[in-house]
Amino acid sequence: FDIAQYAASSTASTSGTSLFPADVVTEIRRFNALSEEGLDAGRALATPRIASSPAARREQIPPFIPKFMHGATGPLIGLGLAYINREFKVNPSAASRYDERLEKVLIELSKALDQGKRRYVLDRFTYADIVMAVVLQFITPVDRGYIPVGPAMRDCFVHPRLARDFAPLIEWRNRLYENH
């Protein structure tokens, strides 16, 4: 949040707009915290899926690693996933709790957007829109043209029930990417 706010303050003077308008910074901070809650829950749901998907793990191998070394990268990817679990205190056996938390975040976003009828979380495009749109990566990833996600990883990130129940939010996010 602080880094984004600093970066935005240094570009606002040149672009004439700000992602952190002074009159709504408190609300932006609230949405940032809500986003963090959703991202934590999303990571907790996606990480075990990635760990159990050999194809998703292979997609994480950087393209500069030669094919003959791919077998040796398995433990490194496992270490990366373990790091995510430790860093974000993920408990894979608590999936239903994370599912509820993610749904709660989506309900709050849906209310803020009046069930997808509003164009922005606040009255104009702000950092709140960006951080809330990112949460939706854990429901249905955005088009590959914006964020390249391989097919196996995409499968690990898709949450079919929440994608169905919150389809207007996915549409909102997609419009946000198209317009910004």
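The values are calculated or read from the model by the stated rules, or taken from the named source; none is laboratory data. The structure displayed is predicted, hence computed values, not measured ones. Note that each Cβ is placed from the backbone with ideal geometry, even for glycine, and that neighbours are counted across all protein chains shown. Surface accessibility is based on the protein's heavy atoms, side chains included, excluding ligands, DNA and RNA. Shrake-Rupley method; radii C 1.70, N 1.55, O 1.52, S 1.80 Å.
Would a scan of segment 57-70 turn up a residue that is touching a Ser or Thr at 6+ places or on another chain (Cβ under 8 Å), closer than 19 Å to Pro148 by Cα and aliphatic (A, V, I, L, M)?
The answer is yes; a qualifying residue exists.
Tell me, yes or no, whether segment 108-120 has at least one residue that is of a type outside the set (Phe, Trp, Tyr), within 15 Å of Gly42 (Cβ to Cβ) and out of contact with any Pro (no Cβ under 8 Å at 6 or more places or on another chain).
Within segment 108-120, one or more residues are of a type outside the set (Phe, Trp, Tyr), within 15 Å of Gly42 (Cβ to Cβ) and out of contact with any Pro (no Cβ under 8 Å at 6 or more places or on another chain).
Taking Ile65 as the residue in question, decide whether it is of a type in the set (A, V, I, L, M, F, W, C), closer than 18 Å to Gly42 by Cβ and either within 14 Å of the chain's Cα centre (by Cα) or open to solvent by less than 60 Å² (accessible area, probe 1.4 Å) (or both). So that I can check it myself, show each step before the final result.
Numbers: of a type in the set (A, V, I, L, M, F, W, C): yes; closer than 18 Å to Gly42 by Cβ: no; either within 14 Å of the chain's Cα centre (by Cα) or open to solvent by less than 60 Å² (accessible area, probe 1.4 Å) (or both): yes.
When the stated conditions are applied, Ile65 does not pass them.
Restricting to segment 68-83, what's the tally of residues that are open to solvent by less than 30 Å² (accessible area, probe 1.4 Å) and either over 19 Å from Ala46 (Cβ atoms) or among the small types (Gly, Ala, Ser) (or both)?
The number of residues fulfilling the criteria is 3.
For residues that are in contact (Cβ under 8 Å) with a residue 40 or more places away in the chain, of a type in the set (S, T, N, Q) and either open to solvent by 30 Å² or more (accessible area, probe 1.4 Å) or touching a Lys or Arg at 6+ places or on another chain (Cβ under 8 Å) (or both), tally how many sit in segment 104-144.
1
Go through (1) open to solvent by less than 20 Å² (accessible area, probe 1.4 Å); (2) in a helix (DSSP H, G or I); (3) in contact with a Lys or Arg (Cβ under 9 Å, 6 or more places away or on another chain); (4) not polar (S, T, N, Q) one by one and return the number of the condition Arg175 breaks.
Just one mismatch for Arg175, condition (1).
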